[in-house]
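These notes concern the structure reproduced below.
Each reported figure results from applying straightforward, stated rules to the coordinates on display, with no laboratory input. Please read all numbers here as calculations on a predicted model, not as lab measurements. Cβ placement follows ideal geometry from the backbone for every residue including glycine, while neighbour counts extend to all protein chains displayed.
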Amino acid sequence: MTPESFIAAKASEAIKAIYGADVEASTLQVGVTRKEFEGDFTLVTFPLLRITRQSPDATGAAIGEWLVANCPEINAFNSVKGFLNLSLSNLYWSKVFEAMANDADFGQLPSTGRRVMVEFSSPNTNKPLHLGHVRNNLLGSAVSDLLKAAGEEVIKTTLVNDRGVHICKSMYAWQKRFNGATPESTGKKGDHLVGDCYVEYAKMEKENPSVLDDVHRMLVDWEAGDKEVRDLWQRMNQWVFDGFDQTYKALGISFDKTYYEHDTYLLGKELVQEGLRKGVFVQDPDGSVWCDLTSDGLDRKIVQRSDGTSVYITQDLGTAERRFAENNLDSHVYVVGNEQDYHFQVLKLILAKLGFDWASRIYHLSYGMVELPEGKMKSREGTVVDADDLIEKMYEEAKATSEESGKLAEMSEEEKDRLYHMIGLGALKYFILKVDPKKTMLFDPKESIDFNGNTGPFIQYTHARICSILRKSGVQDGVPHKETVAARGLVNGGDPSGSLGGMKRSGSFRCGSSVQLSQKEIRLVKILNSYPQKVGEAAAAYSPAVIANYCYDLAKEFNQYYHETQILKEPDQDVLGMRLKLIGTVAGVLRKAMNILGIELPERM
């Protein structure tokens, strides 16, 4: 039960006791108290005046007095012009802490029974993944895990754009300029080699624009099933797929289903015929088929060329229809840059006109571009930031920064290598995901690797610091020593990766009525307790940034607590046990939240 629900339930009891009126708790308005007033949560009393027949202040005073007298979890109140500000007691927050610390599923919202498909990445097979793809992949993966935490059943999918003119351009350049080069002969990842071909083609077309006619003929041959063209297409695509797999693995990206454009590009042609029969589409004299959206404030949109071939939106119409039919989806989220806003507006409108009621349940997660200090990236000019190079750069930045600290002397080279990867990727993912998806962002690798401020390494270091304290306290590998349990009343049992306290559980943690939480500890408990609410808020907005910035706030609050509070030197064993459990709970929530972002937290740094 949230604090708001608790207060509403108790206020409902108070109203019944004082005024003899039954008021449903769900109808009462309770929110966080504004900073300029004393209190934790505020009950709005204006709607109750018709029942109380009293002034707003008198109504608030009467309810406040009853609550303080009859509810030990509420210890103070003040009534200001229709707003009853209530302070929750140490007892209340101790109970909240106990419940949270003993709940292995804390932060996982109940199942909604809804099934959602999230499509992201969807690369072209004519170039390697670059920084723009990195933001897309990290957003798509994080949103998928966020929706899972919010109780949705999620299917992660990607559509690989593996056919078309752009693919033929790379093939053509390889035939003319690359002398049979292969990934093996060049020592390059296959996607990089094919990307070089694409950049080379741009130079060829600039030198001689007529080469585009040759490329179009190659595409016609491909669609006709020409063996030589198809064999080359399959060979070069496999190079790219192998390269993509390596990059996805490095980023920690995976999919439940993969669609390929060569399998789906003809989908939707039946819908075109159905649309013609229904009068949704019209056919021009040249044979092309259009959907007139001018009455909806948009343009005419072609859905089939005069030669009978499909266009991109035709494929999307057919793919959407098949996905909803085959997977019984409640919703479909497309993670695609904001340059495609108009495309998805048209897609949803045409599907609605075709009679699909689920068209309104398509959501375009439109995100801003990633820019560099030098400006926008351009693939055909070869001015992109390659994803593989970026991952390597982040590793090197993490290595240099970590070695400067001089704290890794006890680690083996293998442990150091894994730590550098963890910090580098954590910095990259956090820097990108902490920004609201709708905003264009400027990426700076050096700024992202900073161990201070709102960065991934700062949160990783906070987690490592907590783990260090727990180790020194006698908690090793998530399990307290027996003498530590006996001496300090710590709880034994559970999986360190799953339990909030980082300790295994065979019993349950009790804060104990004799242990009083300090104001700083209550502040930590409040932030911890808001985590499920943040998950729901972030999922509703499709914004991992909410979770990222929550992690920063929690880590920042812990560090303030750590600098102002004795933990290992605390002489009172009950207080010590509570504080160890509290910081272990902080570590557990950080792990859960950062896991949504795809970020690992090290135990040593």
* Over 26 Å between C-alpha atoms is what I'm after, so list which of Lys148/Lys301; Lys156/Lys416; Lys269/Lys348; Lys127/Lys176; Lys429/Lys592 land there. => Lys148/Lys301; Lys156/Lys416
* Dipole of the stretch 211-337 (Lys/Arg Cβ +1, Asp/Glu Cβ -1, origin at the Cα centre): which of Gln238, Ala325, Tyr312 lies farthest to the positive side? -> Ala325
* Asked: So how far, in whole Å, is the C-alpha centre of the stretch 175-197 from the one of the stretch 132-165?
  -> 29 Å
* By how many degrees, 0 to 90 and rounded to 10, does the Cα axis of helix 190-207 deviate from the longest principal axis of the chain? -> 50 degrees
* How much length is gained if the chain between Ser185 and Gln519 is pulled fully straight, taking 0.36 nm per residue apart and subtracting their Cα-Cα distance, in nm to one decimal? -> 113.7 nm
* Asked: So what's the angle, to the nearest 10 degrees on a 0 to 90 scale, between helix 387-405 and the longest Cα principal axis of the chain?
  -> 40 degrees
* **By average C-beta atoms within 10 angstrom, highest first, the peptides 279-292, 392-405** => 392-405, 279-292
* Between Lys257 and Glu570, what FRET efficiency follows from the Cβ-Cβ distance if R0 is 35 Å, with the result rounded to 0.05? -> 0.10
* Give the span of the stretch 2-130's Cα atoms along each principal axis, as three whole-Å numbers ordered largest to smallest. => 73, 33, 33
* Structure fact -> Quick calc: nm separation of the 7 Å Cα→Cβ label points for Ser5 and Asp284 -> 5.8 nm
* How many angstrom lie between the C-alpha centres of the stretch 416-433 and the stretch 199-245? -> 36 Å
* Structure fact -> Under the 7 Å Cα-to-Cβ spin-label approximation, Lys206 and Tyr562 lie apart by a distance in nanometres of 5.1 nm
* **Efficiency of FRET between Leu49 and Asp299 - r from beta-carbon atoms, R0 41 angstrom, step 0.05** => 0.15
* To do: Could you pull out every one of the lysines with an alpha carbon less than 18 Å from that of Lys472, ignoring same-chain neighbours closer than 8 positions?
  => Lys407, Lys482, Lys504, Lys569, Lys581
* **Cross-link partners of Lys257 among aspartates and glutamates (Cα-Cα below 18 Å; sequence separation of 8 or more within a chain)** => Glu119, Asp145, Glu152, Glu153, Asp162, Asp242, Asp245, Asp316, Glu321, Glu326, Asp330
* Give me the distance between the Cα centres of the stretch 261-308 and the stretch 559-573, rounded to whole Å. => 69 Å
* To do: Give me the distance in nm between label points sitting 7 Å out from Cα along the Cα-to-Cβ direction at Asn595 and Asn452, one decimal.
  => 3.2 nm
* Asked: Hey, got the dipole for the stretch 513-574? About the Cα centre, +1 on K and R Cβ, -1 on D and E Cβ, debye to the nearest 20?
  -> 200 debye
* Structure fact -> FRET efficiency for Arg177 and Tyr312 from the Cβ-Cβ distance with R0 = 22 Å, rounded to 0.05, comes out at 0.15
* **Cα-based radius of gyration of the stretch 273-377 once divided by 2.2 N^0.38 Å, which approximates compact folds** => 1.21
* Asked: Within straight cross-link reach of Lys10, meaning Cα distance under 17 Å, which lysines are found once same-chain residues fewer than 8 apart are removed?
  -> Lys95
* Provide the gained length on full extension for the span Thr440 to Arg604, in nm with one decimal, where the gain is 0.36 nm per separating residue minus the Cα-Cα distance. => 55.6 nm
* Note the angle between two axes, namely the Cα long axis of helix 519-529 and the longest principal axis of the Cα atoms of the chain, as a number of degrees from 0 to 90, rounded to the nearest 10. => 40 degrees
* As a check on your grasp of the helix formula, calculate [θ] at 222 nm for the chain: sum -39500 (n - 2.57) over DSSP H runs of n ≥ 4, divide by the residue count, round to the nearest 500. => -17000 deg cm²/dmol
